[in-house]
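Heads up: the structure comes next, in structure tokens.
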Amino acid sequence: MRELKSDRQHKITFTLDGRQVSGDAEPHLLLSDFLREKLGVTSVHVGCEHGVCGTCTVHIDGKAVRACLTFAVQVGNRRVDTVESLSNNEGELNDLQSAFRKHHALQCGFCTPGILMSVEHYLRHNSDPTESDVRDMLSGHLCRCTGYVGMVRAIMETAAKRKSGI
Amino acid sequence: MKPVPFDYVQAQSTEEALACLKDSDRNVRVLAGGQSLVAMLNLRLVRPNLLVDISQIESLSTIRQSKDILEIGAAVTQAELKQWPGLAESVPQLSMALPFVGHFQTRNKGTVCGSLAHADPSSELPLCLAALNGSVVLQSARRSRVLNAAEFQTGMLSTACQPDEMIVAARYPISREGDGFAFREVARRHGDFAIVALAAFVTESKIRLGIGGLASRPSVREWDILSEQELDEALNAFAWQLKGSDDIHATARYRRELVRRLGRQVIEEAKSARTKE
Amino acid sequence: MSAKNTVGSYVGQAIERQEDAALLGGQALFSDDLPIAAGTLHAAILRSPHAHAEIVSIDTIAAKALPSVAAVLIGSDIQQYSDPFITVLKRPIDEWSLAVDRVRFVGEAVAVVIAEDRYKAEDALDLINVIYKPLPAVINPKEAAKENAPILYPEAGSNVLSERHFKYGDPDGAFAKSKHKVSIEIDYPRNSQTPLEGYVVVASYNKFDDAYEVNANFQGPYTVHPVMSRALRVPGSRFRMQTPAHSGGGFGVKQAIFPYVVLMCLAARHVGRPVKWVEDRLEHLTAATAAPNRIIQAEAAVQEDGRVTAFRFVQLDDYGAHLRPPMPGPLYRQHGLMTGAYDVPNLAITNRLVLTNKTPSGMVRGFGGPQIYFAIERLMHRIAIELGMDPLDVIRRNLVASDSFPYRAAGGALLDSGDYQKAIDLGVNDGGLDELKRRREKARAEGKYYGIGYAAIVEPGQSNIGYLSTIVPFKERQKAGHKGGSVSHATIHVDPMGVVSVTADCIPQGQGQATVLSQIVADQLGLKPEDIKVSLEHDTQKDPWSLATGNYSSRFSSATAVAAHLAAKKVREKLIAVAGQALNVTTDDIELTGGKIVDSKNPENFLKFHRVAGLTHWEPGKLPTGMAAGLSETASWAPPELDPPTEGDQINTSLTYGFLFDYCGVEIDPHTAEIRIDKYVTTHDSGKLLNPLIANGQIYGAFAWGVGCALLEEFAYGEDGSFLTGTFADYLCPTSVEIPEPQILHMETPTPFTPLGAKGIGEGNCMSTPVCIANAVCDAIGAENVNLPIYPAKLLPFIDREETAPPQDIALSQRQQTPDGGRAIVGEGNIFAPTDPETVWQTLLDPRHLAAIIPGCQNLEVVGENAYRADVNIAVGPIGGMFRAEISLSDLDPPKSVTLSGSLAGPLGSSAGSGKVRLTQEENGTRIDYTYSVEVSGKVAAIGGRMLDGASQVLINQFFKRLIVRLGGEPIEKPTLWARFLRLLGFNR
């Protein structure tokens, strides 16, 4: 049993967006701060730090969770994926991202990376959601700009296309 | 909003975790899903010396069904329970209540037992435990004990769990033939803590009603099958005993009113769920 | 230029945004993402737990002793390098960037720690010990305006800082003659659109130049730039403000960052290194800013046919603890337009501005509109009820007539264009009002509560920068110099390769302004929007700016967009002249199209765009006579309609005036009083739509916040001034489940006052939606009035007037019930002690015993007769912390009764309370009855509101249980008759 001391930096090695990376963290360092400050993943935004707004949502082992309610020391040897994993190196957006753009599902874009990660996880297990299902899932995020209209359209359209294999 | 410094252990087994809890000189907190605890840590409301992470303990990650009981290990997430096949048959009330527990994203990490340990007076899972008269299994390095819901949750955010103990499992009774269940919740916003949550459990001869959101912990009443008028009177008495309080989201009167009005509705729903079987 | 030179048609098209790819892919950099200089330190701010208190002392020694801490600054430290902020009113109401001597709201900055990182800075905050002497606080604006109220600034003599009376036409005559007088009083709450990204400031100081540099997500207006530079005692040239291209939402709120900009500049100067501060959510909700809450007495003089001949408004606007520039803007932003969409010639206004112990008010989307339209449109609804008319008929009867534009409203607004009746026809027909009415009939026939509400409003766009001067009388304005107008800037640069770059003064917060500017410029230059690179980072040392620069008052589409259009035209004209010479044709015949500059009479005769642009760089000597070399054009735009206020206090407060007509159907659950918006239709005439996709986005967003304001959002305070909504679990922003999709309808009547014809569009639904929903709710339940936010508990009394009485055997609680939710924590209880009253009495009065009884008590010291001080470690469940406790016993009546009073102060907040303890001799012992009343303030109140009651109960129970144990007993609460009855029956509780 290894006790990580509060006043030391501890090396954490894990898979980030498909690449193995490592960084140092004290036990109380939040995953959101670790990704942003130590690893430069500034796409993980911080909106409330108490788990309500959903802005910091990332995948840990494929599940959408709040990075602000997770400590960096908890992700050792696990898989963390951020919004940066969705588009390819040539700057091509994926289908969900493109649908967000088409339906004007973002304005300031601050909440968007977290929402995209929630949707990606959700659609993997719910391929044929109703609008009310989608709204229920989205209610774990706050967006202050859009009124959610474009998001719901974009998600419904993406779900339908993925289901029909387009 | 950053936590105070603390030491951290990622326990690999229940024994390891319990060994950490033996240290009475330190303020040790158990971290499972962290959906309540880490928010409180970030706000510096909780200032532990040591955090024991039990989320990766495999033996605590199981859901086991026996004849009478569904036993949910301390590392089982709310999402895992919600997706567990057969939940709607085994413990229908949990399956009705789980969609109201936080959100998709918080259920992915938040645990069932963590919600019980947090003992929020408005939470759904402690309410169901109380309404169904379930229990929790507490373990320390020296002993293991089982407390029923009423013994376990002692008040506002308070439980009978001693500093050297932790919850290792929650036990929800399995639905029996002829049982009927219903769940209802009113919140100002989807996924919020309930203003009032109601869990009804009806058998051939008994009515059990649990209420969250009025008192400092879930409250349960059990009646024999009552006439309509008797039920109204019983609900009114229940509402006034719980009293409720005013806050920025609702008045005490509103809370009592929901006990009276929705209390009747959920009992009726549970009854009709019963007769359908 | 000749009309033959046609332009492109990207303006008006629903083009996808050029901002989106980087935002969606996670590459867009927000303020907190920008690189910072090595060695940058991080700040955290200690904030007041009290609404009103004198600062007796601040001990920073322990905090400064931490090795990671570079400095701790308090009010007296910053006074030597800075001045108080200048205010709109010259009154003795000095505010500094840190509290000096006194705090006036929960959350006011008291000290700033600068440390290696934010975690360590917060560690140090815990070690700062501030002793406060609490003062009476005042929260209710009506109470604050009274003569005997606690005064925030004693030097000012009153909390009412300004009172002005205005009359336009003959309101008194109209009221005297009117058949009906209809009135209503509204109490609009405090709220804010709370951007998801908080404030971020990175500041540095150059000691050799005595100059400050800042990068912050400030959104303007840049009238605040001189406020900051003067507070820092430097000229504007030595206060460089840079803003990023991406900001995580603004909604006006990011104006109020400015005190922190100054504070971080001072911190950077003090430590000699750059300092970064990132506001967290608790700080933001507690202390950033809020729209002012306002009480309005509104009255209308009405003729028999429903025609309104006069309005009278008495407004009391609550600015919180300080009057920060540009406050009190919301009280005057609508001043020329207080008659809304109606042709009402007579108008009386009384404006009073009051301070209370709440967070200082600031800019929030809507900016005065939500408040006044709530009064006007509720009043129109009341007129209909009182005259027995249909609300829509009352609206229609009073609208400004279609043939009267431009129309000068009584207060001075020059309504530019529109056809309000036609817009209502569109809404009624295409939105399906008849069907909605049928739905209401049907629902009501089924015994349901269903209502329809309406709102017709005029949406102002681009503020007159001088409107706020209306707050002082004409003679004072004459002395100070008249103020009016509004200036905007845009610059277009075309490089030698023909690449077009645009910069401008709009400071975007997510509105897609780069995309719209690219459309405007592309049209003029015959290019595609994606050919235009728009960079909207702003730098006060490199970019043109004016007082009006910024993102507010729906300014973009009639201000910066026009400046960009004008700059593009200048570039276009220059290109035409250069091409005309090169192609040897008259300029009238030249077209810019498809990336080419073409002789329209001979399409084979053309030059590529980049060739012509290149000529201005490569062959400056050959340019037409008098033409400047290169291809950079800046345009400024200042519409002439924005005059200063007249001698009669008439003011054209804005340049453009759009029109909205909204209606909705709501259903109220007859059991739970939950409110469901069944259908919402919003009809807009916002002039020319520059990009319909983006325009609708603005409407959806404003609507969503409008729904939030109607049903959920409020910054709540206890009567003692404690702040109760410090988290997103307490301040309720609507989610996707609460927001229905509104039906949007458009018509386009261009404004004649700008070349683009576009009006503002971003704020209308913030103004119309709250009152539209309130009108529908009142229609549903037959309420005369209802205050926002409308939540079910408020509606219950309308559905069921009397509560079912408690059974006779349950003692009635003494607790006071208030319809809107009382906020003082009161309680009572009793416990049985196995000793006689005399022993209980002696135990309570003995400090050694007391030390053992008080939960978590450490080192109790006697500070006077029956007065003690102690350190206590208080815990409720896992939540806990150290507090400094003061305890005293008074009203001693041995051995019968005593009053226990006390206060607590610590990092988690502060608390004060008292309780009466009564001892009654009973068989085998003493019955102890107690009542208590507790007020809690600071962090625990802000984030744990819904649990304070229970937590107080837990602690008080702990106290008495320990007392009983001390007396050798078992802590058993005396069961009530009912509980004993239940126990007899074998029930568990």
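Between the stretch C:206-234 and the stretch C:47-67, the alpha-carbon centres lie 27 Å apart. From largest to smallest, the equivalent ellipsoid semi-axes obtained for the protein assembly as shown from the alpha-carbon gyration tensor read 53, 36, 34 Å.
For the stretch C:825-985, the square roots a ≥ b ≥ c of the C-alpha gyration tensor eigenvalues yield an a/c of 1.5 or more together with a/b not exceeding b/c, which makes the shape oblate. Here B:Arg176 and C:Asp929 are evaluated by their C-beta separation; at R0 = 60 Å the FRET efficiency comes out at 0.85. Entry note, chain B: the mean residue ellipticity at 222 nm calculated from DSSP H runs of n ≥ 4, each adding -39500 (n - 2.57), is -9000 deg cm²/dmol after division by the residues and rounding to the nearest 500. Buried surface between chains B and A: roughly 3000 Å² of accessible area, summed over both sides, computed with a 1.4 Å probe on protein heavy atoms only. For the residues of A:77-83, the average number of beta carbons from a partner chain within 10 Å of their own beta carbon is 1.
Hey, which of these cross-link pairs are over 19 Å Cα-Cα: B:Lys243/C:Lys961; C:Lys64/C:Lys120; B:Lys2/C:Lys120? Over 19 Å apart, Cα to Cα: B:Lys243/C:Lys961.
Once Lys and Arg get +1 and Asp and Glu get -1 on their Cβ, which of B:Ala39, C:Gly329, C:Pro67 lies farthest toward the positive end of the dipole of the protein assembly as shown? The one lying farthest along the dipole's positive direction is C:Pro67.
Distance between the pseudo-spin-label points of C:Asp430 and C:Thr40 (7 Å out from Cα toward the beta carbon): 4.7 nm. Here the spin labels are modelled as points 7 Å beyond Cα on the Cα-Cβ line, and at C:Met497 and C:Gln13 they lie 2.4 nm apart. Using the Karplus relation 6.51 cos²θ - 1.76 cosθ + 1.60 with θ = phi - 60°, the per-residue 3J(HN,Hα) values for the stretch C:532-540 come to 9, 9, 10, 10, 10, 4, 10, 9, 5 Hz, with x marking Gly and Pro. A straight Cα-to-Cα reach below 17 Å connects C:Lys688 with the lysines C:Lys422, C:Lys759, residues fewer than 8 places away in its own chain not being considered.
Amide H contacts of C:Val487: C:Ala548, each under 5 Å away and 5 or more positions distant or on a separate chain (H built 1.01 Å from N in the peptide plane; Pro and chain starts excluded). Simple spin-label estimate for C:Asp210 and C:Asp871 gives 4.6 nm between the two label positions (7 Å along the Cα-to-Cβ direction from each Cα).
Backbone amide hydrogens, once placed in the peptide plane, bring C:Tyr10 within less than 5 Å of C:Asp523, excluding anything fewer than 5 places away on its chain. Placing +1 on the Cβ of every Lys and Arg and -1 on the Cβ of every Asp and Glu, with no other charges, gives the stretch A:95-163 a dipole of roughly 200 debye about its Cα centre. May I ask for the net charge around C:Val521, where only other residues with Cβ less than 12 Å from the Cβ of C:Val521 are counted and Lys, Arg are +1 while Asp, Glu are -1? Net charge in that neighbourhood comes out at +1. Near the amide H of C:His538, within less than 5 Å, lie the amide hydrogens of C:Thr243, all on another chain or at least 5 residues away, with H placed in the peptide plane.
Between C:Asn785 and C:Asp846, residue separation times 0.36 nm minus the direct Cα-Cα distance comes to 16.4 nm. In chain C, the calculated helix contribution to ellipticity at 222 nm averages -8000 deg cm²/dmol per residue, counting -39,500 (n - 2.57) for every DSSP H run with n ≥ 4. Taking every C-alpha pair closer than 8 Å and separated by at least 6 residues, the mean separation divided by the residue count of the stretch B:180-276 gives a relative contact order of 32 percent.
Based on the alpha-carbon gyration tensor of chain B and its eigenvalue square roots a ≥ b ≥ c, which shape applies: rounded if a/c is under 1.5, prolate if not and a/b is larger than b/c, or oblate? Because a/c hits 1.5 or more and a/b exceeds b/c, chain B counts as prolate.
For the stretch C:183-199, 3J(HN,Hα) computed residue by residue from phi via the Karplus equation (6.51, -1.76, 1.60; θ = phi - 60°) reads 9, 7, 10, 10, 10, 7, x, 8, 7, 7, 7, 6, x, 6, 8, x, 5 Hz, glycine and proline entered as x. In summary, the lysines within cross-link reach of A:Lys161, defined as a Cα separation below 20 angstrom excluding same-chain residues under 8 places away, comprise A:Lys102. Reducing the stretch B:211-277 and the stretch C:630-706 to their Cα centroids gives an inter-centroid distance of 45 Å. If we count every other residue with Cβ under 12 angstrom of C:Ile879's Cβ, Lys/Arg +1 and Asp/Glu -1, where does the sum land? Value of the local net charge: +3. Computed with a 1.4 angstrom probe on protein heavy atoms, the C-A interface buries about 4000 square angstrom of accessible area in total.
If you plug the beta carbon distance of B:Gln12 and C:Ile61 into 1/(1 + (r/R0)^6) with R0 = 30 Å, you get a FRET efficiency near 0.10. Inter-chain Cβ neighbour count for B:206-219, averaged per residue, equals 1 (cutoff 10 Å, partner chain atoms only). For GluC sites (Glu not before Pro), the sites in the stretch C:290-387 that DSSP calls loop and that have at most 11 other Cβ atoms within 10 Å are C:Glu304. Straight-line cross-link partners of C:Lys437 among the aspartates and glutamates, defined as a Cα under 18 Å from its Cα and at least 8 positions apart when in the same chain: C:Asp390, C:Asp393, C:Asp425, C:Glu446, C:Asp662, C:Glu667, C:Asp678, C:Asp779. In this calculation the C-beta distance from C:Lys608 to C:Leu29 is compared with R0 = 45 Å, giving a FRET efficiency of 0.85.
For the stretch C:17-117, applying the loop criterion from DSSP together with a ceiling of 16 other beta carbons within 10 Å to the GluC sites (Glu not before Pro) yields C:Glu116.
Taking each DSSP H run with n ≥ 4 as -39500 (n - 2.57) and averaging over every residue of chain A yields -8500 deg cm²/dmol at 222 nm. Rolling a 1.4 Å probe over the protein heavy atoms gives the protein assembly as shown an accessible area of 35 Å² per residue. Among the listed pairs C:Lys542/C:Lys569; A:Lys38/C:Lys254; C:Lys146/C:Lys358; A:Lys5/C:Lys939; C:Lys574/C:Lys608; A:Lys38/C:Lys207, which have their C-alpha atoms separated by more than 20 angstrom in this model? Too far apart for the 20 Å limit: C:Lys542/C:Lys569; A:Lys38/C:Lys254; A:Lys5/C:Lys939; A:Lys38/C:Lys207. Were the residues from C:Gln581 through C:Gln541 laid out at 0.36 nm apart, the gain over their Cα-Cα distance would be 10.7 nm. Could you tell me which of rounded, prolate or oblate describes chain A, using a ≥ b ≥ c as the square roots of the eigenvalues of the alpha-carbon gyration tensor, with rounded for a/c under 1.5 and, failing that, prolate when a/b is larger than b/c and oblate otherwise? Prolate, since a/c reaches 1.5 and a/b exceeds b/c.
Ligands, DNA and RNA left out, the accessible area of the protein assembly as shown computed with a 1.4 Å probe is 49% carbon and sulfur. In order along the stretch A:97-103, the phi-based Karplus estimate (6.51 cos²θ - 1.76 cosθ + 1.60, θ = phi - 60°) of 3J(HN,Hα) comes to 4, 5, 5, 4, 5, 4, 9 Hz; Gly and Pro are listed as x. Going from the isolated chain to the complete set of protein chains, the stretch C:718-738 loses at least 20 Å² of heavy-atom accessible area (1.4 Å probe) at C:Thr727, C:Phe728, C:Ala729, C:Asp730, C:Leu732, C:Cys733, C:Pro734, C:Thr735, C:Ser736, C:Val737, C:Glu738.
The values are calculated or read from the model by the stated rules, or taken from the named source; none is laboratory data. Treat the numbers as computed from the prediction; the structure is a model and nothing was measured. Ideal geometry is used to build each Cβ from the backbone, glycine not excepted, and the neighbour counts take in all protein chains shown. We work out accessible area using only protein heavy atoms, side chains counted, and drop any ligands, DNA or RNA first. Shrake-Rupley method; radii C 1.70, N 1.55, O 1.52, S 1.80 Å.
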